[in-house]
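J.: Just dropping this structure here.
The values are calculated or read from the model by the stated rules, or taken from the named source; none is laboratory data. Treat the numbers as computed from the prediction; the structure is a model and nothing was measured. Cβ: placed from backbone, ideal geometry, glycine included. Neighbour counts: every protein chain shown. For accessibility, only protein heavy atoms count, side chains too; no ligands or nucleic acids. Shrake-Rupley method; radii C 1.70, N 1.55, O 1.52, S 1.80 Å.
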Amino acid sequence: MIALKVTQVGNSLGVVLPKDALNDLQVGKGDTLYLTRAPDGSMRLSAYSEVVAEQIDAARSVMRQYRETLRALSK
């Protein structure tokens, strides 16, 4: 586990990721990271994945196409 300290960055708050964490995530300056909530309620930090982005685009397309069907099923 890596402990991160929250610091003031301008009018916002931020954390500094150590070099080891950046290497593990395979990210550098200017890259985007995503903070998501896992099913167990924990938070997960991950780097951009082209495969996941394609899957999300496909899911959005299906949801758009079957919007009314999905709405009816949710009732």
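J.: Out of all the residues in region 24-37, which are outside any loop (DSSP other than H, G, I, E, B) and surrounded by 11 or more Cβ atoms within 10 Å (Cβ to Cβ)? Steps first, answer last, please.
T.: Taking region 24-37 and keeping what is outside any loop (DSSP other than H, G, I, E, B), we get 24-25, 33-37.
Correct list: D24, L25, L33, Y34.
J.: Kindly establish whether D40 is outside any helix (DSSP H, G or I), closer than 20 Å to M1 by Cβ and open to solvent by 50 Å² or more (accessible area, probe 1.4 Å). First the steps, then the outcome.
T.: Values: outside any helix (DSSP H, G or I): yes; closer than 20 Å to M1 by Cβ: yes; open to solvent by 50 Å² or more (accessible area, probe 1.4 Å): yes.
For D40, the condition - outside any helix (DSSP H, G or I), closer than 20 Å to M1 by Cβ and open to solvent by 50 Å² or more (accessible area, probe 1.4 Å) - is met.
Condition check ((1) under 20 Å from the mean Cα position of the chain (by Cα); (2) surrounded by fewer than 10 Cβ atoms within 10 Å (Cβ to Cβ); (3) within 30 Å of K5 (Cβ to Cβ)) across all residues:
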position	(1), (2), (3)
V16	yes, no, yes
L22	yes, no, yes
L45	yes, no, yes
S49	yes, no, yes
Q55	yes, no, no
Y66	no, no, no
A72	no, yes, no
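J.: Only residues that are in contact with a Phe, Trp or Tyr (Cβ under 8 Å, 6 or more places away or on another chain) and either assigned to a loop (DSSP other than H, G, I, E, B) or modelled with pLDDT under 85 (or both): list them for region 43-75, please.
T.: Correct list: Y48 only.
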